[in-house]
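Single-structure report; data block below.
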Amino acid sequence: MKHKIALLADVHGNASALKAVIEACIKDGVTDYWFLGDLIMPGPGGNNLFELLDSVNITTFVKGNWEDCFLDVLDKDIDLENATDIYVSRLVQYLCENLDDHHIKLIKKLPLHLTKQINGLSISISHNLHSKNYGGDLWPTNSQENFDQLFVNEDDDIAIYAHTHQQILRYSSNGQLIINPGSVGQPHSKWNKLHSDLRAQYAVLEIDKTGVAEVKFKKVAYDVENEIKNAIDNNLPYLDLYQEMRETGKTYTHDIDLLQKINDRLNYKREIINYFGL
Ligand SMILES: [Mn+2]
């Protein structure tokens, strides 16, 4: 049987982009959908993100570092002196105010790593490394040995990862195939001209009875104005930052000085202390 698998990752709360990608995949006759983590935050998407995934045949879902950030905040593992922790916690509060309980339960159950067998090919699937869904180990320009770490199981033929928000096709030292589908909701490039293309990224992997028939890296445009309107209508915290991110691709997760100013101005530290009972 021929499998036409959509590889989707790093939506980061951008339901407008996810919707456009799923519509394109349906038109394209995709049969399976694999989700590689980072569905939520900092965008306004909540239940609608899970409903979009539920509307198609999701057969794989691994946990991204932002899902772990979400769970850390629920566990009250928050450094109140760190502006980024306050930022993430306030976004988790925003989500918790509306997110259905069964979606929270699903996040808690997500695995870090999965292996799938498709027509005799063994495929490793993780957000980043097998047991580490965060950090810069697999940045595109890093050394080959870092990428070889994706093959913990030497019998794997293909490794699929996400996290860097950049579309990548390369090989291990032993010639195994490595695919990164890029980011649906928050694409990134170090190179300005490439970074200015903010369309939603994903990949389609086609496996027939002979082997890998096709790997397609795709981009689709989506309704950015509608996404910004969603953020405004839902009173998304850090709205200005999200609006700028949608228009320029710039992210602020680690801009401590700017986050600190916003947190102080809007009294977000006090608000999360109260909300999470810290
Ligand atoms: Mn991500």
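The values are calculated or read from the model by the stated rules, or taken from the named source; none is laboratory data. Since this is a predicted model, take the numbers as computed values, not measurements. Cβ placement follows ideal geometry from the backbone for every residue including glycine, while neighbour counts extend to all protein chains displayed. In case anyone asks, the SASA skips ligands and DNA or RNA and just uses the protein heavy atoms, side chains included. Shrake-Rupley method; radii C 1.70, N 1.55, O 1.52, S 1.80 Å.
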Scanning segment 66-80 for residues that are closer than 22 Å to Gln260 by Cα and within 11 Å of the ligand (Cβ to nearest atom), which turns out surrounded by the most Cβ atoms within 10 Å (Cβ to Cβ)? Trp66
Which listed residue, of Val224, Val204, is farther than 28 Å from Cys96 by Cα, more than 16 Å from the chain's Cα centre (by Cα) and among the β-branched types (Val, Ile, Thr): Val204
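Can you list the strands (runs of 3 or more DSSP E) lying wholly within segment 84-178 that have 3 or more residues being at pLDDT below 95 and open to solvent by less than 20 Å² (accessible area, probe 1.4 Å)? Spell out how you get there, then give the answer.
Details: elements: 113-118, 121-126, 158-160, 167-171.
Result: empty, no element qualifies.
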Against the condition open to solvent by less than 10 Å² (accessible area, probe 1.4 Å), more than 13 Å from the ligand (Cβ to nearest atom) and in contact with a Cys (Cβ under 6 Å, 6 or more places away or on another chain), how does Ala6 come out, does it pass? yes
Is one or more of the residues making up segment 12-26 closer than 29 Å to Ala159 by Cβ, of a type outside the set (Asp, Glu) and part of a strand (DSSP E or B)? no
Filtering segment 159-207 down to residues that are in contact with a strand residue (DSSP E or B) (Cβ under 9 Å, 6 or more places away or on another chain) and charged (D, E, K, R) yields Arg170, Asp197, Arg199, Glu206
First in segment 36-56 and touching a residue at least 60 places away in the same chain (Cβ under 8 Å), second anywhere and of a type in the set (D, E, K, R) and open to solvent by 10 Å² or more (accessible area, probe 1.4 Å), Cβ under 7 Å, 6 or more apart: Gly37/Lys63
Quick one: which of Asp157, Asp240 is away from the ligand (no atom under 16 Å from the Cβ), more than 28 Å from Pro42 (Cα to Cα), of a type outside the set (S, T, N, Q) and out of contact with any Asp or Glu (no Cβ under 6 Å at 6 or more places or on another chain)? Asp157
Conditions: (1) open to solvent by 40 Å² or more (accessible area, probe 1.4 Å); (2) touching a residue at least 40 places away in the same chain (Cβ under 8 Å). Val204 meets all but one. Number of the miss? (1)
With respect to Val30, is the statement that it is surrounded by 18 or more Cβ atoms within 10 Å (Cβ to Cβ), farther than 24 Å from Gln260 by Cβ and within 16 Å of the ligand (Cβ to nearest atom) true? no
